[in-house]
Structures are given as structure tokens and as C-alpha cells.
């Protein structure tokens, strides 16, 4: 009974669930005259029709609470009063109570933003992280999911070990997957689905290696090398173009003639980053202009560099670099870092081999 809401001698009846030290209250959606309520017995006094109907309704609520508690206990190792109260009231979906359910809900929301302010690659990274968590739960807990209140600090520590020993991931990937997991649990705590954040004190370093890049002399060697395979020459030219413009692969792939404009007698690329939509401007120096001119006759659909495929380029990248006598492991992405440690003296790099 809630005496603070008494009105004309009538008070509402409140229910209370207490489980494992947690408490949750709810309205029984019934009222009773204050003088008819037995505070010690938590029921209506007497045998009047109103008292009998009230006690029958309260017994029915108790039975439903017990039924929901038993059902949840069969599935979850740890049950809270809020979980039972919400189940009785039909509030929330079960995704709010389980880790994978929360992961799935967040990924579903994220997917709707792809193409607007998010990219598909990030969405797929989230999906992979979710699948790694699912595999870990099946492997270590022999279950298909785990409730949020069951999570302990050891869960994410053991997950990191699982990613290394069983999934075969390296430090950077382990860090990324742990951060996706940590973020889901952090937001569940922030939104009130769990009383604490068990991963709040967890920290892991990506331990990423310092990026390699080509020195000015190595870049000059690459530019002047005579390749027998024209495909390697094309790959080299795209790599050099990225080195001088700092454009990502996808921005080069989507580069059109409409994005190259002349300002005060100089050519500029004026466009937006594919990934972020942030506008950028890049002045085209002599070597990038030479490369554009070299492939002008092969342009299709107004694209400056047609028929680019990222994975095909990645497969050839190592052999192409090695053929030049360069022993470093260079990926196409590192072209964007090649000019960053120093300012290239373009007077020393006036020509690129055909």
C-alpha cells in the first residue's frame, strides 16, 4: 500500500519483488480503502466481496511473479528483481538482458546508418566482434548466450586470451574486438540495464607496430624501375599517386575528372572523403599530373583510374615492391604515410618511369 498517494481514504496497492539483494517495485493497478488493508499480512482484511476480490487478484499476481522467476531461473544463472518485474509487466525485450542480444540490437541500429554517416566496413567489424563473442561463450560456457548481470571482469580478460589462442588474432585485432565488447557493456550500464560495468577497469594496448614507409630514395627507385608486367607498372603508378596525394584507395578509385579543377592556373582535387564525407583539397604536383595524363586514354565512365580492385592490388603489392629490390613489407595503405615523415623535394623526383 502506498499511503503517500491516499485520496479520499483510498490508496493504491504496490507490489515489491526482492531477489538476491535487489528490489523492484510496481503498481498492482488496484486500490483499496485504507481501513481494509492489513499491513502485516499484506492483504485485505475481512471476508467482504471487495476484500475477497482484492486478495484473489493479489494471489494471481504472486503466482505470475513466481512463474516468471522460475522461467528466468531456468535460463539465467543470475536473476534480479528488475528482470522478474519487467517480465511480469511485459516491458523490454530479452535483448536487454543478454550480451548477444544487446550486441545484435546495437548492430541493427548501426546498420541503418550505413551509407549515411557510417560505412559498411565498420558495420562488418562490429558483426565479426559479435561472432567472436558468441564463439567464446559457446566454447567456455557451453551456452548460446549469457545474461548481462553474469558478466565479471574475468569475462573480457578470458575473451582476449581466447582471441589470441583460439581465434589466432594479433594484438591490434584483439584490442579492436575487446573495445567493441567493452562499448556494448558500457552502454548497457549507462542505459540502466545492468547495475554496474564489470569491464570499467579493463585496459588493453593494441601494441601496434610503427608503420613502415618508403624513404625518398626508395620511392625514387620504385618510380624509375622498369617493370616487365604492365599490371605492375599500373599498380606502381597508383601507389605513387597515393604517396603524393595522401588519398585512400577508395578515394582514388572514385576519383573523377569532375573533381579535378583548375584554380589560378594550378590543378587541384576538390572532393569529399568516402569514409567520413569530410571535404578536402589536394594540390596536384607534376608527378601526379604525369600519372593522370598517362592513363587518360584508358579512362572509362569519367573515372581517372578505371578498373581498380583493392584485393587484386593487395595480392600483387608485395611482389611488385620486392621486384624493385625493396625489402620492406609495404601495403597499399602505407602509401599515404610514405611522404609524411619528411617533405619531398619534388625537384629530385621529376620523372616516373613508363
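Annotations for the structure displayed:
- Counting neighbouring Cβ atoms within 10 Å and putting the fewest first, the residues 317, 83 line up as 317, 83.
- Calculated FRET efficiency for the pair residue 311/residue 187, C-beta based, R₀ 30 Å, to 0.05: 0.35
- Here the spin labels are modelled as points 7 Å beyond Cα on the Cα-Cβ line, and at residue 110 and residue 29 they lie 3.8 nm apart.
- Acute angle (nearest 10 degrees) that the helix 49-75 long axis makes with the longest principal axis of the chain, alpha-carbon atoms: 40 degrees
- The fewest-to-most ranking of 11, 133, 127, 23 by surrounding Cβ atoms within 10 Å reads 23, 127, 11, 133.
- With neighbours defined as other Cβ atoms within 10 Å of a residue's Cβ, the residues 233, 256, 48 order from fewest to most as 48, 256, 233.
- Within the chain, percent of DSSP bridges classed antiparallel, to nearest 5: 95 percent
- Using C-alpha pairs under 8 Å with a sequence gap of at least 6, the mean separation divided by the residue count of the chain gives a relative contact order of 12 percent.
- Extending 7 Å from Cα along the Cβ direction at residue 120 and again at residue 285 yields two label points whose distance is 3.5 nm.
- Largest GNM mean-square fluctuation among 84, 261, 240, using the chain with Cα springs under 10 Å: 261.
- For the chain, the longest principal axis of the alpha carbon atoms and the long axis of helix 230-245 meet at an angle near 70°.
- Projected over all directions and averaged, the alpha-carbon convex hull of region 49-193 occupies 10.8 nm².
- Fluctuation leader among 246, 160, 51 - the chain, Gaussian network, Cα springs under 10 angstrom: 51
- For region 50-157, averaging the sequence separation of C-alpha pairs within contact (under 8 Å, six or more residues apart) and dividing by the residue count gives a relative contact order of 26 percent.
- From its DSSP helices (H runs of at least four residues, each -39,500 (n - 2.57)), the chain gives a residue-normalised ellipticity at 222 nm of -14500 deg cm²/dmol.
- Isotropically averaged projected area of region 148-293, using the convex hull of Cα atoms (one quarter of hull area), nm²: 14.0 nm²
- Rounded to 10°, Cα long-axis angle of helix 310-323 versus longest principal axis of the chain: 40 degrees
- One decimal place: the segment residue 205-residue 128 gains 25.7 nm when fully extended, by the rule 0.36 nm per residue minus the C-alpha distance.
- With a Förster radius of 30 Å applied to the beta-carbon distance between residue 196 and residue 275, the computed FRET efficiency rounds to 0.30.
- If you run the Gaussian network model on the chain, springs between alpha carbon atoms under 10 Å, then out of 289, 99, 235 the most flexible one is 289.
- Near-label residues of region 280-324 by backbone N, under 11 Å of a point 7 Å along Cα→Cβ of residue 268: 280-284
Values quoted throughout were computed directly from the atomic coordinates according to the rules given, and no laboratory measurement underlies them. Keep in mind that what you see is a predicted model, and the values were worked out from it rather than measured. Because the Cβ atoms are built from the backbone with ideal geometry, glycine has one as well, and the counts that use them run over all protein chains shown.
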